[in-house]
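Q: For reference, the structure I am asking about is given below.
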Amino acid sequence: MNLRMKTTTALVSLGLMASPAFADMEAAKAFLDAEIGDLSTLSRAEQEAEMQWFIDAAQPFAGMEIKVVSETIDTHSYESKVLAPAFTAITGIKVTHDLIGEGDVVEKLQTQMQSGENIYDGYVNDSDLIGTHWRYQQVRNLTDWMAGEGADVTSPTLDIDDFVGLSFTTGPDGKVYQLPTQQFANLYWFRYDWFNDDKNKADFKEKYGYDLGVPVNWSAYEDIAEFFTGRDLSHLGVEGEVFGNMDYGKKDPSLGWRYTDAWMSMAGMGDKGEPNGLPVDEWGIRVNENSQPVGSCVARGGATNSPAAVYAVTKAIEWLQKYSPPAAAGMTFSEAGPIPAQGNVAQQMFWYTAFTAASVKPDLPVMNEDGTPKWRMAPSPHGVYWEDGMKVGYQDAGSWTLMQSTPVDRAKAAWLYAQFVTSKTVDVKKAHTGLTFIRESTIQHESFTERAPKLGGLVEFYRSPARVQWSPTGTNVPDYPKLAQLWWQNIGDAMSGAKTPQEALDALCADQERVLERLERAGIQGDIGPKLNEEMDPEHWLSQPGAPKAKLENEDEEPITIAYDELIKSWQ
């Protein structure tokens with residue numbers, strides 16, 4: 001019997017599953033016994049104390065029914081199917097945790113923002129919307145909530161500083177608007193076994209003049225993609241055609257994420273800065289000193305259609321066409337995700353660590369018999385326009401978000417649930433299930449030291465200082481739902497060949513500026529909303545330091561690689 005069944009059986013046997021209004025420590029103890037055990041950063045006594053606080057704080061809301069929503073990934077499935085029933089039994093608050101598509105979550109949230117109707121009492125909403133939430137002020141800022149209206153339902157053991165993604169959910173005003181509940185990064189994935197094969201190493205060195213290893217820059221990635229595409233690896237027992245790159249290109253909403261998450265920053269399109277480039281971010285949007293968006297096109301100081309952006313899109317299309325499985329161009333994000341684990345792909349630059357759990361299943365061709373993977377993950381290589389101090393990739397931070405339109409009592413009950421599923425009592429177990437780290441204490445837990453060799457570099461990455469260069473969409477984007485849809489529609493034209501990359505990006509930045517203009521005219525975001533610059537000769541901006549950057553005479557830099565094992569040592 002698995003732990004989920006044990007938990008449910010234990011709670012049913014206590015008569016607690018059928019009676020959500022009844023809540024006490026017996027339900028909590030049954031949950032801790034069946035589900036948590038030693039997989040917590042808290043001792044058993046501390047776990048029970050934390051559960052007792054939830055029981056006491058929930059008393060005014062016992063019998064209330066609330067609804068929350070998130071996208072469908074393993075972490076949220078665990079919250080919905082295991083933690084929600086446990087929370088109901090322990091607190092007496094009946095929570096329904098719906099799982100829907102990511103786009104549908106944004107649509108529901110948009111509808112609630114526009115109508116004021118309370119559709120859900122709590123949303124797990126990507127921190128990509130931080131600029132939207134800060135400007136529209138339609139979500140409760142948690143800093144003021146925890147100190148004021150929500151103080152009586154804010155756990156003394158929440159330990160807000162333990163959350164590693166808090167900078168992603170903080171507005172320019174210094175207020176925290178969302179509480180991370182899962183996080184995953186977009187990293188480089190490669191076949192460690194193929195890269196360490198003596199014949200492959202010798203043949204690569206002979207052909208390219210340098211060592212086969214983890215590519216530090218795009219020039220090296222391109223050489224490796226060329227080397228492995230069509231290569232005969234029968235000496236390693238690999239059957240079928242081999243490819244040096246994996247990607248996707250279908251004109252679909254997920255194609256937008258492919259670029260905003262954060263391909264342009266990897267190429268070097270934006271400015272330096274952590275967690276995002278300032279004044280120009282990875283969407284190419286420039287802001288002024290008051291954080292007001294002032295332009296997207298180069299003529300207004302933006303970088304969305306800059307030479308670095310054109311380089312970024314051009315390379316993605318070129319590698320998709322030359323080095324990827326033919327079907328990849330017609331795939332979406334979710335269709336392309338499982339392909340590397342099928343065993344015929346050498347590397348993938350744009351790989352989400354959310355795929356880790358599905359890539360370590362024992363029967364896969366990319367797994368060794370001892371349970372260790374034949375692959376590893378590493379920092380993403382960067383493009384020729386990239387400079388030290390810039391972000392070099394994306395981190396998704398799905399975060400609890402409380403709308404202003406949600407009645408106070410319902411928001412309080414939802415906040416209790418949000419804290420329960422991110423609590424120190426449950427977080428280590430949840431992280432083992434979904435592999436989406438949110439707490440520093442969890443990342444450092446001894447159980448992950450033991451499991452690290454079977455996770456292909458995930459633990460090492462999250463324990464390293466490198467993780468701060470991966471961040472979600474930042475605060476320059478004033479209306480994520482409106483602007484995000486423009487990306488897949490316009491870049492889809494470049495991917496299909498209907499337009500050149502330059503033409504597609506010219507159209508994209510113009511479309512973004514039309515949205516910014518409408519927001520400026522409407523004035524609904526006040527003095528932190530868009531305030532567009534006058535158009536100028538693009539050369540005015542290209543000749544100044546930072547982004548947008550002038551076109552380089554040579555976009556093929558000297559390739560650099562590093563041995564994976566040396567990379568890991570540098571992190572330690």
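Laboratory data are not the source of any read-out in this text; all were calculated from the coordinates shown. Since we're looking at a predicted model, the values are computed, not measured. Here the Cβ is made from the backbone with ideal geometry for all residues, glycine too, and neighbour counts use every protein chain on show.
Q: Grab the Cα-Cα distance for residue 503 and residue 327, subtract it from 0.36 nm times how many residues apart they are, and report the gain in nm with one decimal.
A: That pair, residue 503 and residue 327, stretches by 60.8 nm at full extension.
Q: Let me ask something else. Could you give the distance between the Cα centres of the range 120-144 and the range 101-115, to the whole Å?
A: 12 Å
Q: First check a/c for the range 56-168, with a ≥ b ≥ c the square roots of the eigenvalues of its C-alpha gyration tensor; if it is under 1.5, answer rounded, and if not, answer prolate when a/b is larger than b/c or oblate otherwise.
A: It is rounded, given that a/c, with a ≥ b ≥ c, falls under 1.5.
Q: Okay, next question. Give me the log10 of I(q) over I(0) for the range 453-542 at q = 0.20, 0.24 Å⁻¹, as the Debye formula computes it from C-alpha points; what are the numbers?
A: For the requested q values the scattering log ratios are -1.02, -1.17.
Q: Now for a different question. Please list the radius of gyration and Dmax for the range 443-505, considering alpha-carbon atoms only, with Å as the unit.
A: That works out to 19.2, 53 Å for Rg and Dmax.
Q: Counting only C-alpha contacts under 8 Å and six or more residues apart, can you give the relative contact order of the chain as a whole percent?
A: With pairs under 8 Å counted, the relative contact order is 24 percent.
Q: Using a/c under 1.5 as the rounded threshold, could you call the range 381-479 rounded, prolate or oblate? The axes a ≥ b ≥ c are square roots of the C-alpha gyration tensor eigenvalues, and prolate needs a/b larger than b/c, oblate otherwise.
A: Oblate.
Q: Hey, which lysines would be in cross-link range of residue 551, C-alpha to C-alpha under 25 Å, not counting anything within fewer than 8 residues on its own chain?
A: Candidates past the 8-residue exclusion: 272, 315, 322, 391, 499.
Q: Ranking request for peptides 297-305, 494-502, 509-517, 476-484: highest mean number of other beta-carbon atoms within 10 Å first, then the rest in descending order.
A: 297-305, 476-484, 509-517, 494-502
Q: Okay, next question. What is the Cα centroid distance between the range 69-88 and the range 175-227, reported in whole angstrom?
A: A separation of 34 Å, based on Cα centres.
Q: In addition: When you take every Cα atom in the range 508-572, what is the radius of gyration, and what is Dmax, the widest Cα pair distance, in Å?
A: 20.6, 55
Q: In whole angstrom, how far apart do the alpha carbon centroids of the range 310-348 and the range 239-257 sit?
A: Cα centres, the range 310-348 to the range 239-257: 3 Å.
Q: Starting from the Cα coordinates of the range 31-110, work out the convex hull volume and express it per residue in Å³.
A: Per-residue hull volume (Cα only) is 106 Å³.
Q: Turning to a different aspect of this structure: Take peptides 281-288, 403-410 and line them up by average Cβ neighbours within 10 Å, highest first, as a rough protection proxy.
A: 281-288, 403-410
Q: Which percent, nearest 5, of DSSP beta bridges in the chain are antiparallel?
A: Counting only bridges with both partners in the chain, antiparallel ones make up about 70 percent.
Q: Also, I was wondering about something else. Please sort 321-330, 260-269, 182-191 by packing, taking for each peptide the average over its residues of neighbouring beta carbons within 10 angstrom, highest first.
A: 260-269, 182-191, 321-330
Q: Shape of the range 340-433 from its Cα gyration tensor (a ≥ b ≥ c, root eigenvalues): rounded if a/c is under 1.5, otherwise prolate when a/b > b/c, or oblate?
A: oblate
Q: Which value, in debye to the nearest 20, describes the size of the charge dipole of the chain about its Cα centre when Lys and Arg Cβ atoms bear +1, Asp and Glu Cβ atoms bear -1, and nothing else is charged?
A: 800 debye
Q: Which lysines, on any chain, are close to residue 361 with Cα under 21 Å apart, when same-chain ones fewer than 8 places away are left out?
A: Cross-link targets: 374, 429, 430, 454.
Q: Over all distinct Cα pairs, what is the inverse of the mean 1/r for the range 171-251, reported as the Kirkwood hydrodynamic radius in Å?
A: By the Kirkwood definition, the hydrodynamic radius is 15.6 Å.
Q: A follow-up question, please. If you take all C-alpha pairs in the chain, what percent of them are over 44 Å apart?
A: Result: 19 percent of Cα pairs exceed 44 Å.
Q: Also, I was wondering about something else. Tell me the mean residue ellipticity at 222 nm calculated for the chain from its helices only (DSSP H runs of n ≥ 4, each -39500 (n - 2.57), averaged over every residue, nearest 500).
A: Estimated from H runs of four or more residues: -11500 deg cm²/dmol.
Q: Aspartates and glutamates near residue 199 by alpha-carbon distance under 20 Å, same-chain residues fewer than 8 away left out - which ones?
A: 211, 222, 223, 226, 232, 239, 241, 565
Q: Just add up the charged neighbours of residue 61: K/R +1, D/E -1, any other residue whose Cβ is under 13 Å from the Cβ of residue 61.
A: Once positives and negatives cancel, what remains is -2.
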